[in-house]
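Trainee: If you scroll down you'll find the structure; I have some questions about it.
The values are calculated or read from the model by the stated rules, or taken from the named source; none is laboratory data. Just so you know, these numbers come straight off a predicted model, no measurement behind them. FYI the Cβ positions are ideal-geometry reconstructions off the backbone, even for glycines, and counts take in every protein chain you see.
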Amino acid sequence: MSDQVVVAPDGHTNLIETEYVVGQDNIERKLGPFGFDIHNPVFVISGLTIVLVVLFTLAFPTAAAEFFGWLRPTLTSTFDWFFLSAANIFVLVALGLMISPLGKVRIGGTEAKPDYSYAGWFAMLFAAGMGIGLMFFGVSEPISHYSSSIAEGAGSPDSWAPLAGAAGNAEEAYRLGMAATIFHWGLHPWAIYAIVALALAIFCYNKGLPLSVRSIFYPIFGEKVWGWTGHVIDTVAVFATLFGLATSLGIGAEQANAGLEYLFGIPVSDFSKVVLIAGITAIALLSVVAGLDAGVKRLSEINMVMAGLLLLFIIVVGPTVAILTGFFTNLGAYAEYLLPLSNPVAREDANFSQGWTSFYWAWWISWSPFVGMFIARVSRGRTVREFIFCVLLIPSLVSVLWMTSFGGTAVSMVNEGVSAIADASLELKLFAMLDGLPLAAITSFVGIVLVIVFFVTSSDSGSLVIDTITAGGKVNAPVPQRVFWCIFEGLVAIALLLGGGLAALQAAAVSTGLPFAAILLLACYALVRGLMSEPKAAGAKSPAAKAAE
Amino acid sequence: MYSKIMVPVDLMHVERLGKALDTAADLARHYGTPVCYVGVTPETPSEVAHTPQEFASKLDAFAGEQAEKYGLQANSLALASHDPTIDLDKTLLHAIQESGADLVVMASHIPGFADHIFTSNAGAVAAHAEVSVFVIR
């Protein structure tokens, strides 16, 4: 597909009439030799607040560690019911839209053509949305749930097992462990992304509003979204994106460092992690300066091919038949446990539902403005039905396959007596598993490279998104701005890692996830409202345009 | 001498283009060649237009105004870009082929320090185009 397209008619959409002009609140000046074009006050407020948080964390590391150490469990256990209910609603809304007549609406107009091929599109979805997580948790999460479920005390209040566990029953513990893992990487996270992405895409491409989170809320707040209501929404989105990204960068640095020690004896230290984050930020910088097509998309595609090869390798050298049949039995287990696992109230497995599920949902939600906006930007020309099918169902199936291959192989190795995997720390479990398979030196190295490149593809797409939000929805702001945000993301990750460690990063992400979850619930309503006023079939006009005739 | 003149225009900053537009019109009248006004838009809503379609019709109207003002034969070519900040040079080079122009008349700023890091668009087009490029400062 060509990068440059002669503009062709896109058919009909139902544009929203507003006096607001994209960039009207922007400050456009020159600072030394560099021009900039930033939204006032979103850029200023979000930039300054983040600097203050970073300074506080660096100046008072102990107090910061204590504060963040308290904040995360407090939020996830107090608001577990809220996070779990919200995520369930997102899944229902997304599936509902797919099967409803609104599924016929096309993003960008009734005759719009897709911008990207399926391959490029999928590559970008995964690279931005889940890459690092799949590498980190692909082995460690199934093993953790399996171990806690099979343990003797499973089901007791101290246990971390999902639901009641399956003490002593290996087969059931495996099923439960896989169901719980897939639950965290399946429909729910992708529904969160899909809702945000679809809402942004519709309000930007079909309604003609700026590509910014506030635009989604036009049906609710009207012209007020251009004032402080909108400033707050966009600022929260910037926080969520920055801290959500920093968390992943922290996790990525931790795992890459652990892997490098395992392979090459490079010591795990703050210094190594800082060097890793700096190096990776530098690559991300090259990518954002090369642009969306030549940088971000190309890296995502390279990553996808590498991840696909690693997956294929595991399937072939691992227990092939067990993985292939496991794909279906795990899907069955997921279906069986889906309702009890997503139940938001009266849970007896507080450690699991609050420590794992609630934290995950907060984390996905904090990522959603970033991943959602990025998905929105590359999804023009798809119908709503196609969009949800491709952003919700297919990625969920890929997650099932990934978790079955990595987790299933690891669990079977543990059962055969390879205790190293169970004993290894979270960030090392992947490498401990690869060590038990042939060609370990090569695959572990590929694993580290994948972690690093997934890290880069999240960082570069995140910079583009923050740049767009803080430029009031402009995607053509001057280059130094995206450079600024890319460097800033690295700095925030470094500062929080040094100040309070991973706990600080995760707490920061979760605390932005909470307000954003509320914002997203409103977004569901606005999205349905927005879709109802769109024309559905090719050649059709919007309901409003028909009424006017 | 020339068969078609391409003039890249930034609809956001038409006021900065006066000299380039005048020069292009003079050349067009002198050689009796038509002018193609080229514009690049992001696919997302911008200051200029809500949709690429709307951008194309505004650019066409602009070309019509120019034709009337200078007594020229003019048309327009609108291109959409995924990432206009970065891809503008590439898009303009593509537009030269698409429009069939053999002369580009293009406005540019006076080079400064920043041009050592990020070249100007006119500089990049002049460096890579196979046709003549007249950079107006």
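Trainee: Just one of (1) among the aliphatic types (A, V, I, L, M); (2) more than 14 Å from every other protein chain (Cβ to nearest Cβ); (3) more than 23 Å from B:A126 (Cβ to Cβ) trips up B:V9, so point out which.
Mentor: (3)
Trainee: Only residues that are surrounded by fewer than 16 Cβ atoms within 10 Å (Cβ to Cβ) and either part of a loop (DSSP other than H, G, I, E, B) or in contact with a strand residue (DSSP E or B) (Cβ under 9 Å, 6 or more places away or on another chain) (or both): list them for segment A:409-436, please.
Mentor: Once the filter is applied, which keeps residues that are surrounded by fewer than 16 Cβ atoms within 10 Å (Cβ to Cβ) and either part of a loop (DSSP other than H, G, I, E, B) or in contact with a strand residue (DSSP E or B) (Cβ under 9 Å, 6 or more places away or on another chain) (or both), segment A:409-436 yields A:E416, A:G417, A:S425.
Trainee: Condition (residue is assigned to a helix (DSSP H, G or I), in contact with a helix residue (DSSP H, G or I) (Cβ under 6 Å, 6 or more places away or on another chain) and surrounded by fewer than 24 Cβ atoms within 10 Å (Cβ to Cβ)) applied to segment A:455-467: is it met by at least one residue?
Mentor: No, segment A:455-467 has no match at all.
Trainee: A further question follows. Say we look at segment A:340-376 and pick out the residues that are over 23 Å from the mean Cα position of the chain (by Cα) and of a type in the set (A, V, I, L, M); which of these is nearest to A:G155 (Cα to Cα)?
Mentor: Applying the filter and picking the extreme gives A:A350.
Trainee: Let me ask something else. Is it the case that some residue within segment A:286-299 is within 23 Å of A:S458 (Cβ to Cβ), surrounded by fewer than 22 Cβ atoms within 10 Å (Cβ to Cβ), charged (D, E, K, R) and away from every other protein chain (no Cβ under 14 Å)?
Mentor: no
Trainee: Specify the residue that is nearest to B:M1 (Cα to Cα); the eligible residues are those in segment B:17-45 that are among the polar types (S, T, N, Q) and touching a residue at least 12 places away in the same chain (Cβ under 8 Å).
Mentor: Here the answer is B:T33.
Trainee: Next question. Among residues belonging to segment A:112-130 that are closer than 20 Å to A:W367 by Cα and within 14 Å of chain B (Cβ to nearest Cβ), point out the one that is surrounded by the most Cβ atoms within 10 Å (Cβ to Cβ).
Mentor: So, considering only residues that are closer than 20 Å to A:W367 by Cα and within 14 Å of chain B (Cβ to nearest Cβ), the one surrounded by the most Cβ atoms within 10 Å (Cβ to Cβ) is A:M124.
Trainee: Mind checking which residues of segment B:75-98 are touching a strand residue (DSSP E or B) at 6+ places or on another chain (Cβ under 7 Å), within 7 Å of chain A (Cβ to nearest Cβ) and of a type in the set (S, T, Y)?
Mentor: B:S81, B:T91
Trainee: Is at least one residue of segment A:303-320 within 22 Å of A:P162 (Cα to Cα) and either β-branched (V, I, T) or within 19 Å of the chain's Cα centre (by Cα) (or both)?
Mentor: no
Trainee: Next question. So A:V479 passes all but one of these: (1) modelled with pLDDT under 90; (2) closer than 25 Å to A:V21 by Cα; (3) crowded, with 24+ Cβ neighbours inside 10 Å; (4) among the hydrophobic types (A, V, I, L, M, F, W, C). Which condition number does it fail?
Mentor: (3)
Trainee: Is it the case that A:I442 is within 14 Å of chain B (Cβ to nearest Cβ) and under 30 Å from A:N330 (Cα atoms)?
Mentor: Answer is no for this residue.
Trainee: Could you check, for segment A:183-191, whether at least one of its residues is in a helix (DSSP H, G or I), surrounded by 24 or more Cβ atoms within 10 Å (Cβ to Cβ) and aliphatic (A, V, I, L, M)?
Mentor: Yes, the conditions are met somewhere in segment A:183-191.
Trainee: Report, by residue number, each residue of segment A:248-273 that is crowded, with 24+ Cβ neighbours inside 10 Å and either out of contact with any helix residue (DSSP H, G or I) (no Cβ under 9 Å at 6 or more places or on another chain) or of a type in the set (S, T, Y) (or both).
Mentor: A:S248
Trainee: Can you tell me which residue among A:G291, A:G259 is assigned to a helix (DSSP H, G or I), closer than 26 Å to A:S405 by Cα and modelled with pLDDT under 90?
Mentor: Being assigned to a helix (DSSP H, G or I), closer than 26 Å to A:S405 by Cα and modelled with pLDDT under 90 holds for just one of A:G291, A:G259, which is A:G259.
Trainee: Within segment B:26-38, does at least one residue satisfy the condition of being out of contact with any Leu (no Cβ under 8 Å at 6 or more places or on another chain) and within 14 Å of chain A (Cβ to nearest Cβ)?
Mentor: For segment B:26-38, residues out of contact with any Leu (no Cβ under 8 Å at 6 or more places or on another chain) and within 14 Å of chain A (Cβ to nearest Cβ): absent.
Trainee: Please state which one of A:A495, A:A471, A:A545, A:A504 is closer than 30 Å to A:V22 by Cα and at pLDDT below 85.
Mentor: It is A:A545.
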